[in-house]
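K.L.:
I am attaching a structure below and will ask some questions about it afterwards.
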Amino acid sequence: MTEERIGREFYDRSDYFEGGTEHLQDLDSPFQKYRIKKVLQIYEPGPEERVLDLGLWVGHVLLGARLSLWTPHRGHFLEVLKARNILLRRDVSHVDYKSMERLKTMVTNEGFVVERANYVESHLIGLRSIERAVQGWVPILRRRIAVLARKP
């Protein structure tokens, strides 16, 4: 399988968020409400805290010395299918998907202390219950990774 790499120009194009991305632009969509809820479950900033959003929308949040990450898990069966363009198309805007261990290693290598790290179920209603019940034992049902870390 050939890795498709994308450069800065991909993100700088004016049509990057046009066509097929309505669920990302509509903050009232069920998908965005789910994302925002899950990110705020990792850490909800106080009124005096500043938030820096890195990455795609509300997926990664840096707070005064806290780092909150919410990202797809590379081992989830949907991500495996997408990576191979089976049934679903690969999203080339996601440059890399991480495992839990890789993400925690990267965070600690940058001087953060991991306060909490867990898997989060999908936003898909039928799949959500199954994932929640068995993701601890069935790695292919670990949809998202949530990490909260802080600078000591």
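The values are calculated or read from the model by the stated rules, or taken from the named source; none is laboratory data. Given the structure is predicted, the values throughout are model-derived calculations rather than measurements. Neighbour counts are summed over all protein chains in view; Cβ atoms, including those assigned to glycine, are modelled from backbone coordinates with ideal geometry.
K.L.:
Do the conditions hold for residue 129, that is, is it under 17 Å from the mean Cα position of the chain (by Cα) and modelled with pLDDT of 85 or more?
P.N.:
No: the conditions fail for residue 129.
K.L.:
Can you pull out the residues in the stretch 45-94 that are closer than 19 Å to residue 119 by Cα, part of a loop (DSSP other than H, G, I, E, B) and at pLDDT 85 or above?
P.N.:
74, 75, 76 - these are the residues of the stretch 45-94 that are closer than 19 Å to residue 119 by Cα, part of a loop (DSSP other than H, G, I, E, B) and at pLDDT 85 or above.
K.L.:
Given (1) buried (at least 16 other Cβ atoms within 10 Å of the Cβ); (2) at pLDDT 90 or above, where does residue 97 come up short, assuming only one miss?
P.N.:
Of everything listed in (1) buried (at least 16 other Cβ atoms within 10 Å of the Cβ); (2) at pLDDT 90 or above, residue 97 misses just condition (2).
K.L.:
Okay, next question. I'm trying to understand the selection: among the residues of the stretch 104-144, which are closer than 16 Å to residue 71 by Cα, outside any helix (DSSP H, G or I) and among the β-branched types (Val, Ile, Thr)?
P.N.:
Result: 114, 120.
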